[in-house]
1. Extension gain I240-K48, at 0.36 nm per residue separation less the Cα-Cα distance, in nm?
2. When the accessible area of the chain is split by element with a 1.4 Å probe, what percent falls to carbon and sulfur?
3. Might you report the magnitude of the Cβ-based charge dipole of the chain about its Cα centre, with Lys and Arg at +1 and Asp and Glu at -1, to the nearest 20 debye?
4. Using a 7 Å offset from the Cα along the Cα-to-Cβ direction at both K24 and R129, what is the distance between the two label points in nm, to one decimal?
5. Consider the candidate values (1) 131; (2) 140; (3) 123; state which one is volume of the Cα convex hull per residue in Å³ computed from the structure displayed.
6. Determine which residues of the stretch 113-156 fall in the zone a paramagnetic label at E168 would reach in this model, i.e. backbone nitrogen under 20 Å from the point 7 Å along Cα→Cβ.
7. Considering only the other residues whose Cβ falls under 15 Å of the Cβ of T176, what net charge follows from Lys and Arg at +1 and Asp and Glu at -1?
8. How much length, in nm to one decimal, is gained on full extension between S77 and S161, taken as 0.36 nm per residue of separation minus their Cα-Cα distance?
Amino acid sequence: MRKTALITGASSGLGKEFAKIHAKNGGDLVIVARSKDKLQKLKEKLEKKHGVHVSIIEKDLTEPNAAQEVYNFVKFSKIEIDYLINNAGFGGIGKFHERAWAQDLAMIQLNIIALTDLTRKFLPDFVERNQGKILNVSSTASLMAGPMQAVYFATKAFVTSFSNAIAEELHDTKVTVTTLMPGATKTDFGKTSGMDKTALFQNAADSKVVAQEGYDAMLEGALDIISGVSFPQKVMMKAIPITPKSILLKQIRKMQEPK
């Protein structure tokens with residue numbers, strides 16, 4: 001039977017790649033993003049190329065009632081979701097006290113509230129059927145604090161912690177929750193966050209590779225998958241537990257300061 005995946009932030013970047021991968025596998029889609037034009041183009045391309053059915057939901061997930069409206073659409077349309085891929089998110093560089101609070105508040109709403117709300121809406125359905133897979137896109141940023149991106153790193157720390165916790169709560173079911181933790185990846189994120197001008201994004205990973213590794217890990221029911229991380233970054237991550245926090249914070253700050 002065809003599996004239907006609901007993907008947020010599907011108009012570009014990792015979300016778009018997830019949609020391509022799932023359609024190539026013969027799965028139907030519900031794709032969610034703010035840009036109706038981009039969603040419509042993606043729908044037409046995937047339906048023509050792979051013969052799948054794609055529903056689009058034009059929705060700004062920073063709006064408080066957005067998750068409920070997405071869930072209502074799915075229920076009204078009598079679509080059964082098999083895979084929930086919470087991909088939508090954004091970041092922003094700068095000192096916390098100098099950044100516009102409205103931007104950081106929207107970041108919290110999207111990266112934390114919308115993801116958690118959508119998970120809460122769909123998870124009971126998965127548990128009732130005793131099947132379903134959730135892929136929550138976090139970041140390697142979740143493993144440390146992030147000077148110059150204080151709120152973004154904190155939101156991703158929530159995503160990883162939350163996802164791991166509910167994965168264990170579901171240990172006696174066939175429902176799985178996988179956390180994808182990419183390193184710097186070639187998507188629109190770099191430009192919109194300002195991170196494309198930092199040392200961290202000089203050797204960003206291919207979004208197609210990251211999406212494929214995340215999708216495969218979801219199918220396997222893996223707990224975590226780290227993807228798109230260079231060898232120096234791997235060394236740094238291994239050293240996190242033994243590095244004095246003051247030194248680690250200074251290193252991260254320097255990596256994220258615009259050149």
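1. 64.4 nm
2. Carbon and sulfur together cover 54 percent of it.
3. Using Cβ point charges on Lys, Arg, Asp and Glu, the chain gives about 780 debye.
4. 2.5
5. Checking each listed value against the structure points to (3).
6. What the label zone holds, given the 20 Å backbone N cut-off, is 116, 120, 134-139, 142-144, 156.
7. Result for the neighbourhood of T176: -4.
8. Full extension from S77 to S161 adds 27.0 nm.
The values are calculated or read from the model by the stated rules, or taken from the named source; none is laboratory data. The structure displayed is predicted, hence computed values, not measured ones. Cβ sites come from the backbone with ideal geometry, for glycine too, and all protein chains shown count toward neighbours. The protein model used for the area step is the full one, side chains on, heavy atoms only, and it has no ligands, DNA or RNA in it. Shrake-Rupley method; radii C 1.70, N 1.55, O 1.52, S 1.80 Å.
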